[in-house]
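Below is one structure, written out as C-alpha coordinates; the observations come after it.
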Amino acid sequence: EFALLNGSIIERSEAKVDVEDRGYQFGDGVYEVIRIYNGKMFTATEHLKRFFKSAESIGISIPFTNLQLKEMLQELLIKNNLETGNIYMQVTRGTAPRNHLFPTENVVPTLVAYTIKGVRPLDGLKSGVKAILTEDIRWLRCDIKSLNLLGNLLAKQKASEQGCFEAIQHRGQDVTEGSSSNIFIVKDGTVITHESNHLILKGITRDVILDLCTKNNIPVQERSFTLVEIESAEEAFLSSTTAEVMPVIEIDGKKINSGIPGPLTRKLQDLFKLEIEKQCGV
Ligand SMILES: Cc1ncc(COP(=O)(O)O)c(CN[C@@H]2CONC2=O)c1O
(Lines give C-alpha, C1' and ligand atoms only; values in the text may rest on other atoms or scores of the structure.)
Protein backbone atom coordinates (compact mmCIF):
# COMPACT_ATOMS: atom_id res chain seq x y z
CA GLU A 1 0.00 0.00 0.00
CA PHE A 2 1.39 3.42 -1.01
CA ALA A 3 0.49 6.99 -0.10
CA LEU A 4 1.23 10.39 -1.66
CA LEU A 5 3.11 12.71 0.69
CA ASN A 6 4.29 16.08 -0.59
CA GLY A 7 4.68 14.92 -4.17
CA SER A 8 6.33 11.54 -3.46
CA ILE A 9 4.58 8.20 -3.57
CA ILE A 10 5.93 6.23 -0.59
CA GLU A 11 5.02 3.23 1.56
CA ARG A 12 1.74 4.04 3.40
CA SER A 13 3.41 3.08 6.72
CA GLU A 14 6.12 5.70 6.10
CA ALA A 15 3.65 8.53 5.41
CA LYS A 16 3.84 10.62 8.59
CA VAL A 17 3.38 14.27 9.51
CA ASP A 18 4.95 16.31 12.30
CA VAL A 19 3.14 16.90 15.63
CA GLU A 20 3.18 20.61 14.78
CA ASP A 21 1.47 20.18 11.44
CA ARG A 22 -1.28 22.83 11.34
CA GLY A 23 -3.78 20.32 10.06
CA TYR A 24 -3.15 18.19 13.13
CA GLN A 25 -3.19 21.11 15.58
CA PHE A 26 -5.79 23.49 14.11
CA GLY A 27 -7.64 21.61 11.39
CA ASP A 28 -6.00 24.28 9.20
CA GLY A 29 -6.54 22.64 5.84
CA VAL A 30 -9.02 21.35 3.25
CA TYR A 31 -9.83 17.89 1.85
CA GLU A 32 -11.54 15.89 -0.87
CA VAL A 33 -12.91 12.36 -1.16
CA ILE A 34 -12.88 11.05 -4.74
CA ARG A 35 -14.79 7.88 -5.66
CA ILE A 36 -13.10 5.14 -7.73
CA TYR A 37 -15.14 2.77 -9.90
CA ASN A 38 -13.49 0.20 -12.16
CA GLY A 39 -10.07 1.69 -11.27
CA LYS A 40 -11.06 5.14 -12.56
CA MET A 41 -11.70 8.43 -10.73
CA PHE A 42 -15.35 9.57 -10.98
CA THR A 43 -15.85 13.35 -11.44
CA ALA A 44 -12.11 13.91 -10.87
CA THR A 45 -12.11 17.28 -12.63
CA GLU A 46 -14.87 18.65 -10.39
CA HIS A 47 -13.23 17.38 -7.19
CA LEU A 48 -9.81 18.79 -8.10
CA LYS A 49 -11.35 22.15 -9.05
CA ARG A 50 -13.15 22.35 -5.70
CA PHE A 51 -9.99 21.27 -3.85
CA PHE A 52 -8.03 24.22 -5.28
CA LYS A 53 -10.99 26.55 -4.64
CA SER A 54 -11.28 25.47 -0.98
CA ALA A 55 -7.51 25.90 -0.47
CA GLU A 56 -7.61 29.34 -2.09
CA SER A 57 -10.54 30.33 0.18
CA ILE A 58 -8.28 29.96 3.23
CA GLY A 59 -5.11 31.29 1.62
CA ILE A 60 -3.26 28.01 1.06
CA SER A 61 -1.52 27.76 -2.31
CA ILE A 62 -1.12 24.11 -3.25
CA PRO A 63 2.50 23.57 -4.45
CA PHE A 64 1.36 21.53 -7.52
CA THR A 65 -0.73 22.28 -10.57
CA ASN A 66 -4.14 20.71 -11.01
CA LEU A 67 -2.71 18.46 -13.75
CA GLN A 68 0.32 17.43 -11.66
CA LEU A 69 -2.00 16.48 -8.82
CA LYS A 70 -4.30 14.52 -11.12
CA GLU A 71 -1.31 12.60 -12.52
CA MET A 72 0.01 11.82 -9.03
CA LEU A 73 -3.41 10.53 -7.95
CA GLN A 74 -3.58 8.42 -11.10
CA GLU A 75 -0.15 6.93 -10.29
CA LEU A 76 -1.26 6.24 -6.70
CA LEU A 77 -4.35 4.43 -7.99
CA ILE A 78 -2.27 2.19 -10.22
CA LYS A 79 0.36 1.45 -7.55
CA ASN A 80 -2.37 0.48 -5.09
CA ASN A 81 -4.30 -1.41 -7.74
CA LEU A 82 -7.58 0.07 -6.48
CA GLU A 83 -10.68 -1.09 -8.37
CA THR A 84 -13.49 0.23 -6.15
CA GLY A 85 -13.16 2.67 -3.25
CA ASN A 86 -12.04 6.20 -2.50
CA ILE A 87 -9.04 8.46 -2.63
CA TYR A 88 -8.79 10.66 0.46
CA MET A 89 -6.73 13.81 -0.17
CA GLN A 90 -5.95 16.80 2.06
CA VAL A 91 -3.66 19.79 2.16
CA THR A 92 -2.75 21.77 5.31
CA ARG A 93 -0.92 25.05 5.80
CA GLY A 94 2.13 23.00 6.76
CA THR A 95 4.32 22.38 9.82
CA ALA A 96 5.47 25.31 11.98
CA PRO A 97 5.83 26.19 15.68
CA ARG A 98 2.31 26.39 17.09
CA ASN A 99 0.89 29.86 16.55
CA HIS A 100 -2.59 30.98 15.49
CA LEU A 101 -0.92 33.33 13.03
CA PHE A 102 -0.03 31.95 9.61
CA PRO A 103 3.67 30.91 9.40
CA THR A 104 5.79 33.76 8.06
CA GLU A 105 8.87 32.05 6.61
CA ASN A 106 8.32 29.87 3.57
CA VAL A 107 6.53 26.91 5.17
CA VAL A 108 5.43 24.46 2.48
CA PRO A 109 1.83 23.15 2.68
CA THR A 110 1.55 19.45 3.60
CA LEU A 111 -0.23 17.40 0.94
CA VAL A 112 -1.39 13.84 1.64
CA ALA A 113 -3.43 11.36 -0.40
CA TYR A 114 -4.14 7.68 0.13
CA THR A 115 -6.60 5.06 -1.09
CA ILE A 116 -9.36 3.21 0.75
CA LYS A 117 -10.99 0.04 -0.62
CA GLY A 118 -14.78 0.19 -0.42
CA VAL A 119 -17.68 -1.39 -2.26
CA ARG A 120 -20.83 0.52 -3.24
CA PRO A 121 -23.40 0.81 -0.37
CA LEU A 122 -25.85 -1.47 -2.21
CA ASP A 123 -28.07 -2.36 0.79
CA GLY A 124 -28.67 1.28 1.66
CA LEU A 125 -29.22 2.20 -1.97
CA LYS A 126 -31.86 -0.52 -2.27
CA SER A 127 -33.75 -0.25 1.03
CA GLY A 128 -33.01 3.33 2.02
CA VAL A 129 -31.66 4.64 5.32
CA LYS A 130 -32.95 6.33 8.47
CA ALA A 131 -31.99 9.84 9.57
CA ILE A 132 -32.44 12.16 12.51
CA LEU A 133 -32.93 15.92 12.49
CA THR A 134 -30.43 18.03 14.43
CA GLU A 135 -29.67 21.73 14.81
CA ASP A 136 -26.85 22.85 12.49
CA ILE A 137 -24.26 24.22 14.95
CA ARG A 138 -21.47 24.70 12.40
CA TRP A 139 -19.71 27.92 11.36
CA LEU A 140 -20.89 30.08 8.46
CA ARG A 141 -18.45 28.95 5.75
CA CYS A 142 -19.74 25.43 5.15
CA ASP A 143 -19.02 25.95 1.43
CA ILE A 144 -15.31 25.45 2.21
CA LYS A 145 -14.53 21.73 2.47
CA SER A 146 -12.31 22.30 5.51
CA LEU A 147 -10.83 19.89 8.05
CA ASN A 148 -12.94 21.61 10.72
CA LEU A 149 -15.40 18.71 10.96
CA LEU A 150 -16.22 18.67 14.69
CA GLY A 151 -19.80 19.91 14.15
CA ASN A 152 -20.23 17.28 11.43
CA LEU A 153 -18.78 14.49 13.59
CA LEU A 154 -20.97 15.30 16.60
CA ALA A 155 -24.06 15.28 14.39
CA LYS A 156 -23.14 12.00 12.68
CA GLN A 157 -22.30 10.37 16.05
CA LYS A 158 -25.69 11.47 17.46
CA ALA A 159 -27.43 9.87 14.45
CA SER A 160 -25.44 6.65 14.83
CA GLU A 161 -26.27 6.41 18.54
CA GLN A 162 -29.94 6.52 17.52
CA GLY A 163 -29.41 3.72 14.97
CA CYS A 164 -29.52 6.13 12.03
CA PHE A 165 -27.25 6.62 9.00
CA GLU A 166 -27.24 10.41 8.79
CA ALA A 167 -28.08 13.56 10.71
CA ILE A 168 -30.05 16.04 8.61
CA GLN A 169 -29.11 19.48 9.91
CA HIS A 170 -31.29 22.58 10.12
CA ARG A 171 -30.86 26.23 11.16
CA GLY A 172 -34.12 27.05 12.89
CA GLN A 173 -36.88 25.88 10.52
CA ASP A 174 -34.63 25.73 7.45
CA VAL A 175 -33.03 22.39 6.51
CA THR A 176 -29.43 22.77 5.26
CA GLU A 177 -27.64 19.46 4.61
CA GLY A 178 -26.50 16.19 6.15
CA SER A 179 -23.39 15.89 8.31
CA SER A 180 -21.54 14.48 5.30
CA SER A 181 -24.12 14.70 2.51
CA ASN A 182 -26.52 17.01 0.73
CA ILE A 183 -30.27 16.45 1.22
CA PHE A 184 -33.05 16.48 -1.39
CA ILE A 185 -36.83 16.15 -1.07
CA VAL A 186 -39.52 15.55 -3.68
CA LYS A 187 -42.68 17.65 -3.34
CA ASP A 188 -45.46 17.75 -5.96
CA GLY A 189 -43.14 15.90 -8.32
CA THR A 190 -40.41 18.54 -7.99
CA VAL A 191 -36.89 17.77 -6.70
CA ILE A 192 -35.84 20.41 -4.13
CA THR A 193 -32.44 20.98 -2.52
CA HIS A 194 -30.84 23.88 -0.62
CA GLU A 195 -29.35 26.52 -2.88
CA SER A 196 -25.56 26.63 -3.05
CA ASN A 197 -24.33 29.23 -0.56
CA HIS A 198 -22.21 29.55 2.59
CA LEU A 199 -24.57 27.30 4.59
CA ILE A 200 -23.88 24.08 2.65
CA LEU A 201 -21.10 22.31 0.80
CA LYS A 202 -21.69 22.51 -2.96
CA GLY A 203 -21.59 18.75 -3.34
CA ILE A 204 -20.22 17.25 -6.55
CA THR A 205 -22.87 14.50 -6.38
CA ARG A 206 -25.51 17.22 -5.80
CA ASP A 207 -24.31 18.91 -9.00
CA VAL A 208 -24.45 15.64 -10.98
CA ILE A 209 -28.03 15.08 -9.76
CA LEU A 210 -29.14 18.62 -10.65
CA ASP A 211 -27.61 18.17 -14.09
CA LEU A 212 -29.39 14.83 -14.54
CA CYS A 213 -32.71 16.45 -13.53
CA THR A 214 -32.27 19.20 -16.10
CA LYS A 215 -31.19 16.81 -18.87
CA ASN A 216 -34.15 14.51 -18.16
CA ASN A 217 -36.85 17.19 -17.74
CA ILE A 218 -37.30 16.46 -14.03
CA PRO A 219 -38.54 19.68 -12.37
CA VAL A 220 -35.98 20.93 -9.86
CA GLN A 221 -35.76 23.85 -7.42
CA GLU A 222 -32.67 25.01 -5.55
CA ARG A 223 -34.12 26.62 -2.44
CA SER A 224 -34.12 26.09 1.31
CA PHE A 225 -37.02 24.00 2.56
CA THR A 226 -38.44 23.72 6.06
CA LEU A 227 -38.78 21.01 8.69
CA VAL A 228 -42.53 20.93 7.89
CA GLU A 229 -41.74 20.35 4.20
CA ILE A 230 -39.27 17.53 4.80
CA GLU A 231 -41.61 15.77 7.23
CA SER A 232 -44.40 15.83 4.63
CA ALA A 233 -42.15 15.11 1.63
CA GLU A 234 -43.26 12.53 -0.95
CA GLU A 235 -39.62 11.33 -1.15
CA ALA A 236 -36.26 12.24 0.39
CA PHE A 237 -32.71 11.25 -0.50
CA LEU A 238 -29.12 12.10 0.40
CA SER A 239 -26.24 12.61 -1.97
CA SER A 240 -22.48 12.31 -1.47
CA THR A 241 -19.41 10.86 -3.16
CA THR A 242 -19.61 7.80 -0.92
CA ALA A 243 -23.43 7.49 -0.53
CA GLU A 244 -24.33 8.26 -4.18
CA VAL A 245 -28.18 8.76 -4.38
CA MET A 246 -29.24 7.36 -1.01
CA PRO A 247 -32.99 7.09 -0.28
CA VAL A 248 -34.13 8.34 3.17
CA ILE A 249 -37.11 6.27 4.36
CA GLU A 250 -37.50 7.51 7.92
CA ILE A 251 -36.73 10.81 9.67
CA ASP A 252 -36.89 11.11 13.48
CA GLY A 253 -38.90 7.87 13.53
CA LYS A 254 -41.49 9.08 10.99
CA LYS A 255 -41.70 7.11 7.74
CA ILE A 256 -41.33 8.88 4.39
CA ASN A 257 -43.53 7.41 1.63
CA SER A 258 -44.42 4.54 4.01
CA GLY A 259 -40.74 3.64 4.27
CA ILE A 260 -40.29 2.77 0.59
CA PRO A 261 -37.83 4.63 -1.70
CA GLY A 262 -39.91 6.72 -4.12
CA PRO A 263 -40.10 6.52 -7.94
CA LEU A 264 -38.17 9.74 -8.62
CA THR A 265 -35.40 8.62 -6.27
CA ARG A 266 -35.25 5.30 -8.15
CA LYS A 267 -35.13 7.12 -11.50
CA LEU A 268 -32.26 9.32 -10.31
CA GLN A 269 -30.43 6.26 -8.99
CA ASP A 270 -30.69 4.66 -12.44
CA LEU A 271 -29.55 7.85 -14.18
CA PHE A 272 -26.64 8.20 -11.73
CA LYS A 273 -25.56 4.61 -12.42
CA LEU A 274 -25.55 5.40 -16.16
CA GLU A 275 -23.29 8.40 -15.41
CA ILE A 276 -20.87 6.13 -13.55
CA GLU A 277 -20.88 3.74 -16.53
CA LYS A 278 -20.31 6.64 -18.93
CA GLN A 279 -17.30 7.95 -17.00
CA CYS A 280 -15.82 4.73 -15.61
CA GLY A 281 -17.08 2.05 -17.97
CA VAL A 282 -18.69 -0.15 -15.37
C1 LIG B 1 -20.88 18.45 4.82
C2 LIG B 1 -20.97 17.75 3.50
N3 LIG B 1 -21.98 18.09 2.65
C4 LIG B 1 -22.12 17.49 1.45
C5 LIG B 1 -21.24 16.48 1.05
C6 LIG B 1 -21.44 15.85 -0.31
O7 LIG B 1 -20.46 16.34 -1.17
P8 LIG B 1 -19.93 15.46 -2.40
O9 LIG B 1 -21.15 15.09 -3.21
O10 LIG B 1 -18.99 16.37 -3.11
O11 LIG B 1 -19.27 14.26 -1.80
C12 LIG B 1 -20.18 16.11 1.90
C13 LIG B 1 -19.25 15.01 1.42
N14 LIG B 1 -18.22 14.63 2.26
C15 LIG B 1 -17.29 13.65 1.86
C16 LIG B 1 -17.78 12.68 0.83
O17 LIG B 1 -17.73 11.40 1.45
N18 LIG B 1 -17.26 11.51 2.70
C19 LIG B 1 -16.98 12.81 3.01
O20 LIG B 1 -16.57 13.25 4.07
C21 LIG B 1 -20.04 16.74 3.14
O22 LIG B 1 -19.04 16.40 4.00
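The values are calculated or read from the model by the stated rules, or taken from the named source; none is laboratory data. Everything numeric in this text was worked out from a predicted model, so none of it was measured. Counting neighbours? That spans all protein chains shown, and the Cβs are built from the backbone with ideal geometry, glycine included. Heads up: the accessible areas ignore ligands, DNA and RNA and are worked out on the full protein's heavy atoms, side chains in. Shrake-Rupley method; radii C 1.70, N 1.55, O 1.52, S 1.80 Å.
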For the chain, give the magnitude of the charge dipole about the Cα centre (Cβ charges: +1 Lys/Arg, -1 Asp/Glu; no others), in debye to the nearest 20. 240
The chain, relative contact order in percent, only Cα pairs under 8 angstrom and at least six apart counted: 18
Where a label projected 7 Å from the Cα of Glu222 along Cα→Cβ would reach, residues of segment 128-152 with amide N under 18 Å: 141-145
Of every Cα-Cα pair in the chain, the percentage lying beyond 31 Å is 29
Leu140-Tyr88 FRET efficiency (beta carbon distance; Förster radius 35 Å; 0.05 resolution): 0.85
Could you check what % of the DSSP bridge pairs in segment 75-200 are antiparallel, to the nearest 5? 75
Dipole of the chain [Lys/Arg +1, Asp/Glu -1 at C-beta], most positive-end residue of Leu69, Ile230, Ile249: Leu69
Where the only charges are on Cβ atoms (+1 Lys, Arg; -1 Asp, Glu), what is the dipole of segment 122-280 about its Cα centre, to the nearest 20 debye? 220
What full-extension length gain, to one decimal in nm, is calculated for Lys187 and Thr45 as 0.36 nm per residue of separation minus the Cα-Cα distance? 47.9 nm
Assigned charges on the beta-carbon of Lys, Arg, Asp, Glu; segment 124-218 dipole about Cα centre (debye): 200
Where Lys and Arg each count +1 and Asp and Glu each count -1, what net charge lies around Thr95 among other residues with Cβ under 13 Å from its Cβ? -1
Residue-averaged [θ]222 nm for the chain, counting only DSSP H segments that reach four residues, each worth -39500 (n - 2.57): -9000 deg cm²/dmol
Percent accessible area from carbon and sulfur atoms, segment 122-280, protein chains only, probe 1.4 Å: 55
Build a GNM of the chain with springs between Cα atoms under 10 Å: which of Phe102, Phe165, Phe184 gets the top mean-square fluctuation? Phe102
Lys and Arg at +1, Asp and Glu at -1: neighbours of Ile132 with Cβ under 9 Å from its Cβ sum to 0
Under the span-like rule (Cα at least 15 Å along the axis, Kyte-Doolittle mean at least 0.5), DSSP H helices of the chain: 204-215
Identify all lysines with a Cα-Cα distance to Lys202 below 20 Å; exclude those on the same chain that are fewer than 8 residues away in sequence. Lys49, Lys53, Lys145, Lys156, Lys215
Over what distance in Å are the Cα centres of segment 1-61 and segment 238-282 separated? 27
Cβ-Cβ cut-off under 14 Å around Thr193, Lys and Arg +1, Asp and Glu -1: the net charge is -4
Quick check for you: with a 1.4 Å probe and neighbouring chains kept, what is the accessible area per residue of the chain, in Å²? 47
